[in-house]
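What follows is one structure encoded as structure tokens, with my remarks underneath.
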Amino acid sequence: MKYNKCWLNFNPINNYGDKEFLTEIIVCTGNKENNSLIIDNAIKELTEALNKMLNIKVDQRILASEDEAATVKSGIILKLTDDSTLKEEGFSIKQIGEAVYIEAKTDKGLLYGSFDLIRRIAQGQSIRGLNITENPKNNFRMLNHWDNMDGSIERGYSGNSFFFENDEIILDERIVDYARLIASVGINATVINNVNVHEAATELITDRYLGKLRTMADIFAGYGIKLYLSANFAAPIELGGLPVSDPLDKDVEEWWKNCIKKVYEYIPHFGGFLIKADSEGRPGPFTYGRTHAEGANLLARILKPYGGILIWRCFVYNCQQDWRDYKTDRARAAYDNFIGLDGEFDDNVILQIKNGPMDFQVREPVSPLFGGLKNTNMILEVQAAQEYTGHQKDVCYLIPMWKEVLDFETYAKKDGSTVADIVSGRAYNQVNCGMAAVSNTGNDYNWTGNDLAASNLYGFGRLAWNTELSSEQIAMEWIKQTFPHEDKVINTVHEILMKSWPVYEKYTSPLGIGWMVNPNNHYGPNVDGYEYDRWGTYHRADRDGMGVDRTVKNGTGYAGQYNEPLASMYENIETCPEELLLFFHYVRYDYKLKTGKTLIQHIYDTHFEGVEEVEKMIEGWKELKGLIPDDVHDRVSARFNMQLENAIEWRDRVNTYFYRKSGVKDEKGRKIF
Ligand code: GCU
């Protein structure tokens, strides 16, 4: 086997009590011919799962009418309903008598209900008396793959692409298993190519590739997933030979009309485009003096009659900054570029906003755009790919970070305006909103490089479906579906996951300052790596202190982009949350934190602690030898060895750097070079 099935391994569950309800699958939505591919897939999943987990060989019966269904006394009954408490993708599961009813308004709902039932059984949970109704909190639950057509993956840490190789599209069994995996956690849309669209990828929207993409899109559709593509804003020039790609140019409009018509001829259920424009060298409307609304709306208008969606990224900033310039602030950029356009985007445009104002650092404040835009559809973008959080060598369970973002109250309204309220569409009654994650997958045997990193892929889907799930619960669900049900295994892995983000933060860059990574590849420490560079990513350390002054009073003014009381809270060093202290303030090394420690002592202590905690995680993992499959144990152990080396290097470099800058000794006299 070239790859494993992650949390869909369907490991045997011993002594499961409720087998009597699960003997057959009865579908009462019509006769066999009328069944959709989605329902067929739901039946397939249930059949395989029950067989592998419980050793039950289920019979399948397809019943046409309600009357016939009423005669059925036991089994799993999949039924379409018009229950008004259910949304289009929602479902209910009820165990009544000797039967389990999965009901939904749509085939997709039945598929999600089937996966939900499987998830419960896989965790060994009883389904006796089960009575639940589930509706997704977010309509858009997307993955963004940064896969290139040559097979490489930008910021990919799990091998190569399973979509592309040598400028060709791969269509093999793995595509089906990919669709199964992501559908099982509720993901309903995927962008398969990198946001940086170059060369062959520009041609994905042409005859050269659309035939194969149709096949892929059909596989996805069988699991309720829509295919999207990243498109090149300069495609009219590069493919059409036009002199410009000005969104207000008639020929450009005509070109896109023909292009999009063709895309939908091939793929009638195509989702739409994701666009990175005027960002890090990518083309965009600024070239022609046009706004991002003009750029996005041109494409959205053309997509609209086909039901297409246009997703436009807000990762737009000046990446040519002079380090001597203390006023320009990259953190301000997304807000400054987009706030003035609020209300100008068509209703099938969605702005996709990174969780923080910089770039997926281990700790950032929440982007102020979420609390600023009020008449614009929004998607929250997070990064499951661990670009700045350890490259899937170091373990870093990211769900707690994403939870903090979702739970963040923006004060855009008097109440009920957390990021989760906003991106779910609840706050302003919007439909086209949700969450996207930069995927952490590749063609490695275990999909995610580090076996433990699959928890982030799993967790993203679960969280996007239900933002109210806790990080602990999501971790527990994933563990029980992945590992043998031994208390020691469950508890150890749970502890490792829950500690991993705080531990990673401890040994890397302190108190929200971010960066300090090796330039370009972004793994390992290099305190000054980006300090004198053009990217606008500074720590501003000198002999007295460090941090970026982003106050309105003396700094870049970034703090003023938040609604009150947040703006004042960040502005004032006394009320600024300490984990973000250096993001908002220049702070002296002898400044006393709430713990009573000075800033410099805090840096020393956390870096020593970080390494010690990695050592403890490794000890815990070692004890699982023999309790989990050897190959998994060995792979993760090898990653832990790399993590320990990395943590030690971070500790020593950061501590030494600040010791030499400040001249202040460690109170505890530990070894600092
Ligand atoms: C980061 C990342 C790039 C990526 C960019 C983006 O800067 O390093 O590789 O292209 O984000 O989100 O567009």
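The values are calculated or read from the model by the stated rules, or taken from the named source; none is laboratory data. None of these values were measured; they are calculated from a predicted model. Positions of Cβ are generated from backbone atoms using ideal geometry, with glycine treated the same way; all protein chains shown enter the neighbour counts.
Data for the structure
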read-out	value
Test: residue in the stretch 230-247 that is closer than 17 Å to Val197 by Cβ, within 16 Å of the ligand (Cβ to nearest atom), of a type in the set (A, V, I, L, M) and surrounded by 21 or more Cβ atoms within 10 Å (Cβ to Cβ)	yes
Residue list for the stretch 316-364, filter: of a type in the set (Phe, Trp, Tyr), in a loop (DSSP other than H, G, I, E, B), within 16 Å of the ligand (Cβ to nearest atom) and touching a helix residue (DSSP H, G or I) at 6+ places or on another chain (Cβ under 7 Å)	Tyr317
Subset of the stretch 455-498 [among the charged types (D, E, K, R) and either on the phi > 0 side of the Ramachandran plot or in contact (Cβ under 8 Å) with a residue 12 or more places away in the chain (or both)]	Arg462, Glu468, Glu472, Glu477, Lys480, Glu486, Lys488, Glu495
Residue tally, condition touching a residue at least 24 places away in the same chain (Cβ under 8 Å) and in a loop (DSSP other than H, G, I, E, B), over the stretch 499-520	9
Odd one out for Tyr209, checked against (1) among the aromatic types (Phe, Trp, Tyr); (2) closer than 22 Å to Tyr264 by Cα; (3) in contact with a Phe, Trp or Tyr (Cβ under 8 Å, 6 or more places away or on another chain); (4) more than 16 Å from the ligand (Cβ to nearest atom)	(3)
Subset of the stretch 324-341 [surrounded by fewer than 20 Cβ atoms within 10 Å (Cβ to Cβ) and small (Gly, Ala, Ser)]	Gly340
Exclusive hit being surrounded by fewer than 16 Cβ atoms within 10 Å (Cβ to Cβ) and more than 34 Å from the chain's Cα centre (by Cα), set Glu66, Glu48	Glu66
Residue within the stretch 158-167 that is within 16 Å of the ligand (Cβ to nearest atom), in contact (Cβ under 8 Å) with a residue 40 or more places away in the chain and out of contact with any Ser or Thr (no Cβ under 6 Å at 6 or more places or on another chain) present	yes
Among the candidates Pro268, Pro305, Pro283, residue that is more than 12 Å from the ligand (Cβ to nearest atom) and closer than 15 Å to Val244 by Cβ	Pro283
Residues of the stretch 257-301 classified as over 25 Å from the mean Cα position of the chain (by Cα), of a type in the set (S, T, N, Q) and either over 15 Å from Trp312 (Cβ atoms) or modelled with pLDDT under 95 (or both), total	2
Which listed residue, of Val191, Val197, Val185, Val176, is surrounded by 23 or more Cβ atoms within 10 Å (Cβ to Cβ) and more than 26 Å from Phe233 (Cβ to Cβ)	Val185
Contacts under 6 angstrom Cβ, first residue in the stretch 178-198 being among the hydrophobic types (A, V, I, L, M, F, W, C) and assigned to a loop (DSSP other than H, G, I, E, B), partner within 16 Å of the ligand (Cβ to nearest atom) and modelled with pLDDT of 95 or more, 6 or more apart	Ile187/Leu143; Ile192/His145; Val195/Ser230; Val195/Lys276; Val197/Ser230; Val197/Asn232
Any hit, the stretch 422-434, residues being assigned to a helix (DSSP H, G or I) and crowded, with 18+ Cβ neighbours inside 10 Å	yes
Filter result (within 20 Å of Glu409 (Cβ to Cβ) and surrounded by 21 or more Cβ atoms within 10 Å (Cβ to Cβ)) within the stretch 551-565	Tyr558, Ala559, Gln561, Tyr562
Considering residues of the stretch 653-673 that are in contact with a helix residue (DSSP H, G or I) (Cβ under 8 Å, 6 or more places away or on another chain), part of a helix (DSSP H, G or I) and not hydroxyl-bearing (Ser, Thr, Tyr) only, the residue nearest to Met546 (Cα to Cα)	Phe658
Residue selected from the stretch 365-386 under the condition under 25 Å from Ser455 (Cα atoms) and of a type in the set (S, T, N, Q), by the criterion nearest to the ligand (Cβ to nearest atom)	Gln383
Test: residue in the stretch 184-200 that is over 23 Å from Asn9 (Cβ atoms), over 25 Å from the mean Cα position of the chain (by Cα) and among the charged types (D, E, K, R)	yes
Residue selected from the stretch 372-403 under the condition touching an Asp or Glu at 6+ places or on another chain (Cβ under 8 Å) and among the polar types (S, T, N, Q), by the criterion farthest from Met498 (Cα to Cα)	Asn375
Glu89 buried (at least 16 other Cβ atoms within 10 Å of the Cβ), charged (D, E, K, R), touching a Pro at 6+ places or on another chain (Cβ under 8 Å) and touching a residue at least 24 places away in the same chain (Cβ under 8 Å)	yes
Residues being part of a loop (DSSP other than H, G, I, E, B) and not small (Gly, Ala, Ser) - total across the stretch 116-155	17
Among (1) among the polar types (S, T, N, Q); (2) in a loop (DSSP other than H, G, I, E, B); (3) more than 35 Å from the chain's Cα centre (by Cα) - the single one Gln60 does not satisfy	(2)
